[in-house]
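The structure appears below as C-alpha cells.
The values are calculated or read from the model by the stated rules, or taken from the named source; none is laboratory data. Quantities reported herein were computed from a predicted structural model and do not represent experimental measurements. As a convention, Cβ positions derive from the backbone with ideal geometry for all residues, glycine included, and neighbour counts pool all protein chains shown.
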Amino acid sequence: MQNFTLSLSNLICATIGHHYNITNKITNHINEYKCSSCGKEVTEDILGNIEDLTLKQKNINKSVALFFQKKMHRKYFNAHEKPVL
Ligand SMILES: [Zn+2]
C-alpha cells in the first residue's frame with residue numbers, strides 16, 4: 001500500500017507537476033520548498049534557478065542565511081544610528 005501511494009504521488013507530480021510549499025526562507029529571493037505530494041525538496045540558488053535540495057545545497061543555504069541575517073542586522077542598526085531631526 002505504501003509503495004502504491006508513493007508511486008501514485010509520483011504519477012500525479014509527473015502529470016500535473018509538484019505542489020511545492022515553502023519550508024525554509026533563506027533570503028528575500030531564496031527559499032527551500034517541499035512537494036506536499038511526493039516530498040521532493042528543492043531550493044533556489046543565488047541565480048534564481050531551481051535545484052534539488054541536496055545536503056551540500058542545504059549547507060550552502062545555511063551559510064547564505066547566516067550572512068544575510070548579519071547583513072540585515074547591520075542594516076537595521078545603521079538605520080537607527082542616524083540622528084533623528
Ligand atoms: Zn511532487
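Computed quantities for the displayed model
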{"quantity": "Selection count, the range 37-49, where residues are touching a residue at least 12 places away in the same chain (Cβ under 8 Å), away from the ligand (no atom under 13 Å from the Cβ) and aliphatic (A, V, I, L, M)", "calculated": "1"}
{"quantity": "Strands (runs of 3 or more DSSP E) completely within the range 17-85 that count 2 or more residues being loosely packed, with under 13 Cβ neighbours inside 10 Å", "calculated": "20-25, 50-52"}
{"quantity": "Selection within the range 1-58 - among the polar types (S, T, N, Q) and within 12 Å of the chain's Cα centre (by Cα)", "calculated": "21, 23, 24, 27, 28, 31, 43, 49, 54, 57"}
{"quantity": "Condition met for residue 53 (of a type in the set (A, V, I, L, M, F, W, C), within 30 Å of residue 69 (Cβ to Cβ) and at pLDDT below 95)", "calculated": "no"}
{"quantity": "Filter pass, residue 76 being within 13 Å of the chain's Cα centre (by Cα) and of a type in the set (Phe, Trp, Tyr)", "calculated": "no"}
{"quantity": "Candidates 25, 34, filtered to the one that is in contact with an Asp or Glu (Cβ under 9 Å, 6 or more places away or on another chain) and within 11 Å of the ligand (Cβ to nearest atom)", "calculated": "34"}
{"quantity": "Boolean, residue 60 is away from the ligand (no atom under 16 Å from the Cβ) and touching a helix residue (DSSP H, G or I) at 6+ places or on another chain (Cβ under 8 Å)", "calculated": "no"}
